[in-house]
Amino acid sequence: MKPLPRYDIAQSYDWNYAHAPDPVAMDVPAIPGAWDFCGLPVASPLGMPAGPLLNGRWILYYASLGFDVLTYKTVRSSHRDCYPVPNLLPVRGGTRVTAAGDPTDSWAISFGMPSKDPAIWRADIEQTRRALGPRQVLCVSVVASPEDGWGLDEIAADFARCAHWAADAGAQVVEANLSCPNVCTGEADLYLSANAARAVAQACRAAVPALPLALKIGAFDNLDQMRETARAVAEYTTALSTMNSVTAPVFDAGGEPLFGGLRRGIGGAWTTSRCLDELRLLAEVIREERLPLRLIGVGGVATADHVRARLAAGAHQVQIATAAMLDPECALRIRRNW
C-alpha cells in the first residue's frame with residue numbers, strides 16, 4: 001500500500017497549508033468504553049494538539065484516520081508569518097540536542113505560532129465543524145498578539161477576542177495557548193505567572209461562557225509555581241493541556257548552534273518520560289487541592305501503552321502530534337493494539 005501523505009518538513013508552512021491531503025477511507029477500529037472530552041462525547045480518548053492541524057483540510061484528514069479531538073492550529077487576531085524553514089528539524093538527544101542527517105522520532109520545532117488573517121480562519125473553522133463526525137470534537141487554539149505598550153489587560157482582551165471569534169465560527173472547545181517555547185514576546189510563557197494565567201482564563205471565560213475552556217501550559221519551574229497557577233485558573237477553566245515539549249538549544253553536527261542560538265521546543269520520543277512525569281505531578285496537585293480541572297496528556301505519545309500510561313497518570317484525554325506526523329496511521333495502530 002502506498003504510504004499516506006504527511007507534513008513535508010522540507011517545505012514551508014505555507015506550502016504545507018496549501019497542500020493538505022484529502023480524507024481517506026479507512027477501517028477505524030473502535031476503542032471500547034465511554035469517552036468524553038471536557039464533557040462532550042467522543043468516540044475515543046485520541047486527539048491531536050494544535051501543531052499539526054494547520055487548517056480544516058488537515059483536520060478532516062486526521063479525523064478520517066482515527067483521531068476524535070482535533071485542535072485547530074493556534075490562531076491570532078491578525079496575520080502572522082511563520083518562521084523560515086526549517087520549521088521541523090529531525091534531532092537526536094543526549095548530552096546535547098543535535099540535528100540529525102536522517103529522519104528520527106524527535107525534532108526541534110520552530111514555527112513561531114503563525115496565523116492566517118481572522119477572516120480566513122473563521123470561515124475555515126465554520127466549514128470544518130460542519131464536516132466532522134457526530135462523536136468528533138473541534139477545539140480551536142487561540143493566542144494574543146501583543147503590540148508595543150500592551151500590558152496584561154490588553155493581552156487578556158486579545159485572547160478573549162480570538163476566543164469569541166472561534167466560538168462564533170463553531171469551535172466546540174476553546175484552548176488558550178499560554179505556552180510556546182519558540183516565541184520571545186509577551187504571549188510565550190504566561191502560564192508561569194498565576195496572575196497572568198488567571199487574567200487570560202477569566203477574560204476567555206467571559207468571552208465564551210457556554211463552552212469548555214482549556215489552557216495550554218508547559219513545564220513549571222517548581223511545584224509551588226504549578227500549584228499557584230492551577231489554583232488561580234480553576235474557577236474559569238475546564239482542562240489543562242499539559243507540557244508537550246522540552247526546550248533546549250540545538251546544534252549542528254560540528255557543534256555550532258542553530259536557530260540563532262535560541263532554544264527550541266523538542267517534540268517526540270525524546271520528551272516522553274519528562275512529559276509523563278509533569279502530568280503525574282500536576283494530577284497530584286489537582287487531587288490535593290480538590291480542583292475541578294481535567295488534564296489532557298500530551299508529549300511523546302506514540303503507542304497504545306503510552307496512551308494507557310497517560311490515562312493512568314490522570315489524563316482524561318490524550319493528544320498525539322510528532323508520532324502522527326511521522327506516521328499518519330498512528331491512531332489506527334493504537335486502536336488495533338488496544
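The criterion of being farther than 27 Å from L295 by Cα and either under 18 Å from the mean Cα position of the chain (by Cα) or not charged (D, E, K, R) (or both) holds for G93.
All conditions in (1) modelled with pLDDT of 95 or more; (2) crowded, with 23+ Cβ neighbours inside 10 Å hold for R161, with the sole exception of (2).
Look at region 180-206: where a residue is farther than 14 Å from D221 by Cα and part of a helix (DSSP H, G or I) and a partner is at pLDDT 95 or above and β-branched (V, I, T), sitting 6+ places away or on another chain with Cβ atoms under 7 Å, you get A197/T229; A197/V233; R198/V233; A201/V233; A201/T237; C204/V174. All of (1) acidic (D, E); (2) loosely packed, with under 14 Cβ neighbours inside 10 Å; (3) touching a helix residue (DSSP H, G or I) at 6+ places or on another chain (Cβ under 7 Å) hold for D81 with one exception: (3). Looking at the structure I just gave you, is A214 within 17 Å of the chain's Cα centre (by Cα), in a strand (DSSP E or B), at pLDDT 95 or above and not β-branched (V, I, T)? Taking the combined requirement at face value, the residue satisfies it.
Any residue at all in region 57-68 that is surrounded by 21 or more Cβ atoms within 10 Å (Cβ to Cβ) and more than 23 Å from R335 (Cβ to Cβ)? Scanning region 57-68 turns up no residue that is surrounded by 21 or more Cβ atoms within 10 Å (Cβ to Cβ) and more than 23 Å from R335 (Cβ to Cβ). Only residues that are hydrophobic (A, V, I, L, M, F, W, C) and over 16 Å from G56 (Cα atoms) were counted in region 1-20, giving 4.
If I ask for residues that are small (G, A, S) and under 12 Å from G93 (Cβ atoms), which ones from region 246-295 would you list? Selection gives A248, G267, G268, A269, S273. Pull up region 237-258, narrow it to residues that are out of contact with any Pro (no Cβ under 7 Å at 6 or more places or on another chain), outside any strand (DSSP E or B) and closer than 29 Å to V318 by Cβ, then point me to the one that is modelled with the lowest pLDDT. Applying the filter and picking the extreme gives M243.
Within region 236-267, the set of residues being in contact with a helix residue (DSSP H, G or I) (Cβ under 8 Å, 6 or more places away or on another chain) and either closer than 21 Å to A321 by Cβ or without any contact (Cβ under 8 Å) to a residue 40 or more places away in the chain (or both) comprises Y236, L240, T242, M243, N244, S245, V246, V250, G267.
On inspection, A20 qualifies as modelled with pLDDT of 95 or more and more than 18 Å from the chain's Cα centre (by Cα).
Identify, please: which residue in region 301-330 is buried (at least 24 other Cβ atoms within 10 Å of the Cβ), in contact (Cβ under 8 Å) with a residue 40 or more places away in the chain and more than 18 Å from V28 (Cα to Cα) and is, among those, nearest to the chain's Cα centre (by Cα)? By that ranking, first place goes to A321.
Considering region 164-179, and only residues there that are touching an Asp or Glu at 6+ places or on another chain (Cβ under 7 Å) and assigned to a loop (DSSP other than H, G, I, E, B), the residue that is modelled with the highest pLDDT turns out to be G170.
In region 44-56, the residue that is surrounded by the fewest Cβ atoms within 10 Å (Cβ to Cβ) out of those that are over 13 Å from V298 (Cβ atoms) and in contact with a strand residue (DSSP E or B) (Cβ under 7 Å, 6 or more places away or on another chain) is L54.
The values are calculated or read from the model by the stated rules, or taken from the named source; none is laboratory data. Since the model is a prediction, treat every value here as computed from it, not as a measurement. Counting neighbours? That spans all protein chains shown, and the Cβs are built from the backbone with ideal geometry, glycine included.
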